[in-house]
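All remarks here apply to the structure that follows.
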Amino acid sequence: MITYERPSARPVLAVDQGTSGTKALVVCPERGVIGSGTAEVRPRHLPGGLVEVDPAELLTSVVDAGRRALAEAGEPVAAVGLANQGETVLAWDPDSGRPLTTALVWQDRRAASLCAELAEHAEELRHLTGLPLDPYFAAPKMAWIRRHLTRRGVVTTSDAWLVHRLTGAFVTDAATAGRTQLLDLDDVTWSPRALELYGLTEERLPRVVDAAGPVGTTTAFGPEIPLTGLLVDQQAALLAQRVTEPGSAKCTYGTGAFLLAQTGGRPRRGDSGLVSCVAWRLGGKTDYCLDGQVYTAASAVRWLTDLGVIGGGEDIDPVGGAVPDAGGVTFVPALAGLAAPWWRGDLRGSLTGLGLDTGAGHVVRALCEGIAAQVASLADAVAADLGGPLTSLRVDGGLTRSTLLMQSQADLLQLPVEVSALPDATALGVAALARIGLDPALPVAEAAPAWRPAATYEPRIGPDEAAARLAGFRSAVAALMERTPS
């Protein structure tokens, strides 16, 4: 009897194009990761909250990381999947593919004045798109580019440009489209009203597609292979963490920290300051999630490193662990502003409670508690919007290697924190989508990687002490907001 191998049983190439670098994996359903490659990206942080990157650097990093992963694997792949940054935008020529501007990174704040002009429409936009009015999202940056840089070509999120350069297609997945503030949250199509408000009515926008399915083929990595998986990075990690049921949540600790909670087949527009957005669309069916953001996590660690306080992320535990507590120091790491649930991107960070006895360890501990306190505030907002508390939090990302940060997180959440054994959840999530794109009958539960915690952190302090620490952090945030009226 002749047996036929399902296309989804073969290895796939998964590429995670992130803020500070690109990671590529060759993933085999049976053997796991059989090849990996990385390539650095260096965004430029400029005065006034400007953050930009050369688009060519993004494309080169994708190709280089992918080729390195394939070289290490030493065998062909059936398809490729691509995860992207979400809110990073640029203008480009659709005929030649040539960039017409730099890429404005998701952290960039230059469109703040444009958002101020639209303030009277903030609630209308939030209801239409699920997103608050903030320059973090793509549409304000797109409109700013049109107003200040160029009217030529098209202006899109970075994924549409990368996909076009790889395959010639002009598409974006539904979840990435949902990060623009131009997508109607209910029917998952471009909103004429949102486009009108942003002055983008005449724009040529990419076709909105499912997260899994054939998009085109590429020879960028060598032999021709189909591109069959597309998703914004945090939602890809959500899928890899198997957070597929309403009420479950994950947090990814990367350049920023991003907490997402599943809400199922309908959007939940809460009142707690969270984003309601598309988790993914598969087979024409949309799942939704609540999303909360911390703008600076690993980027705050990098800031301390640049100042010489620590030598790098590997110093968090030895330096912070050298002291028993933060010594009365409170760090609000709003180095790129505060996102959910406050939405005060104009704020700057604060470091208070300093004394002559303050050392590097106190500052490091205060940073860990500051990041953890923001994530705890997001978890509280999720619980309020869903009408019930979370029972645990699944976490991934580079900073989960810090025992100090993860224990601080469990303490302030008063919940178990389950650290994923998957070190590259975003890439593994988009690998699962690439497999589904090859084989639409493949269930998500079968395509997603097996999930297990590498470590589980239980709270070591009581609820009263946790509440007191959170109250101290929130008092520091309130003081910041009082000093900087919106």
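The values are calculated or read from the model by the stated rules, or taken from the named source; none is laboratory data. Bear in mind the structure is a predicted one, so any value in this text is a computation, not a measurement. Note that we place each Cβ from the backbone using ideal geometry, even for glycine, and neighbour counts take in every protein chain shown.
When the stretch 101-111 is filtered for residues that are modelled with pLDDT of 95 or more and either surrounded by fewer than 16 Cβ atoms within 10 Å (Cβ to Cβ) or out of contact with any Lys or Arg (no Cβ under 8 Å at 6 or more places or on another chain) (or both), the ones remaining, listed by number, are T101, T102, A103, V105. The set of residues in the stretch 440-460 being modelled with pLDDT of 95 or more and either crowded, with 21+ Cβ neighbours inside 10 Å or assigned to a loop (DSSP other than H, G, I, E, B) (or both) consists of Y457, E458, P459, R460. Residue check: I34 meets all listed conditions (1) closer than 23 Å to E446 by Cβ; (2) surrounded by fewer than 20 Cβ atoms within 10 Å (Cβ to Cβ); (3) at pLDDT below 95 but one, namely (3).
Which residue out of T189, T218, T157 is within 25 Å of the chain's Cα centre (by Cα), of a type in the set (S, T, Y) and under 23 Å from E57 (Cβ atoms)? Full working, then the answer.
Values: T189 fails: under 23 Å from E57 (Cβ atoms); T218 fails: within 25 Å of the chain's Cα centre (by Cα).
Checking each option against the conditions leaves just T157.
Here's the yes/no breakdown for (1) touching an Asp or Glu at 6+ places or on another chain (Cβ under 6 Å); (2) among the aromatic types (F, W, Y); (3) in a strand (DSSP E or B):
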residue	(1), (2), (3)
T180	no, no, no
L195	no, no, no
R204	no, no, no
P214	no, no, yes
T217	yes, no, yes
A220	no, no, no
L231	yes, no, yes
L239	no, no, no
E245	no, no, no
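Filtering the stretch 189-216 to residues that are crowded, with 18+ Cβ neighbours inside 10 Å and over 30 Å from E120 (Cα atoms) leaves V209, D210, A211, A212, G213, V215.
Test T201 against the stated conditions and say whether it is without any contact (Cβ under 8 Å) to a residue 24 or more places away in the chain, assigned by TED's automatic domain parsing to the domain that holds V154 and not acidic (D, E). Spelling it out, T201 is indeed without any contact (Cβ under 8 Å) to a residue 24 or more places away in the chain, assigned by TED's automatic domain parsing to the domain that holds V154 and not acidic (D, E).
Among the residues making up the stretch 41-76, a single one is among the polar types (S, T, N, Q) and over 19 Å from the mean Cα position of the chain (by Cα): T60.
Limited to the stretch 253-268, what total is found for residues that are in a strand (DSSP E or B), touching a helix residue (DSSP H, G or I) at 6+ places or on another chain (Cβ under 7 Å) and touching a residue at least 60 places away in the same chain (Cβ under 8 Å)? Selection size over the stretch 253-268: 4. Among the candidates D287, D271, D317, D291, the residue that is in a loop (DSSP other than H, G, I, E, B) and either over 19 Å from A432 (Cβ atoms) or not assigned by TED's automatic domain parsing to the domain that holds T129 (or both) is uniquely D271. Among the criteria (1) under 30 Å from L335 (Cα atoms); (2) surrounded by fewer than 24 Cβ atoms within 10 Å (Cβ to Cβ); (3) of a type in the set (S, T, N, Q), the one Q17 does not fulfil is (2). Say whether the condition of being closer than 26 Å to Q374 by Cα and in contact with a helix residue (DSSP H, G or I) (Cβ under 9 Å, 6 or more places away or on another chain) is met by at least one residue in the stretch 429-449. Yes: one or more hits. Of everything in the stretch 86-141 that is touching a Gly at 6+ places or on another chain (Cβ under 9 Å) and among the charged types (D, E, K, R), the residue that is farthest from A56 (Cα to Cα) is D134. One residue alone among L412, L393, L428 is closer than 30 Å to G66 by Cβ and crowded, with 23+ Cβ neighbours inside 10 Å, and that residue is L428.
In summary, strands (runs of 3 or more DSSP E) completely within the stretch 1-96 and bearing 1 or more residues that are assigned by TED's automatic domain parsing to the domain that holds T156 and of a type in the set (G, A, S) occur at 12-17, 21-28, 32-40, 80-84, 89-92. Within the bounds of the stretch 326-337, is there any residue that is surrounded by fewer than 21 Cβ atoms within 10 Å (Cβ to Cβ), assigned to a strand (DSSP E or B), touching a strand residue (DSSP E or B) at 6+ places or on another chain (Cβ under 7 Å) and among the β-branched types (V, I, T)? Checked against the condition, which is being surrounded by fewer than 21 Cβ atoms within 10 Å (Cβ to Cβ), assigned to a strand (DSSP E or B), touching a strand residue (DSSP E or B) at 6+ places or on another chain (Cβ under 7 Å) and among the β-branched types (V, I, T), the stretch 326-337 yields no hits at all. Restricting the stretch 281-334 to residues that are of a type in the set (S, T, Y) and over 22 Å from the mean Cα position of the chain (by Cα) leaves a set whose member that is nearest to D134 (Cα to Cα) is T330.
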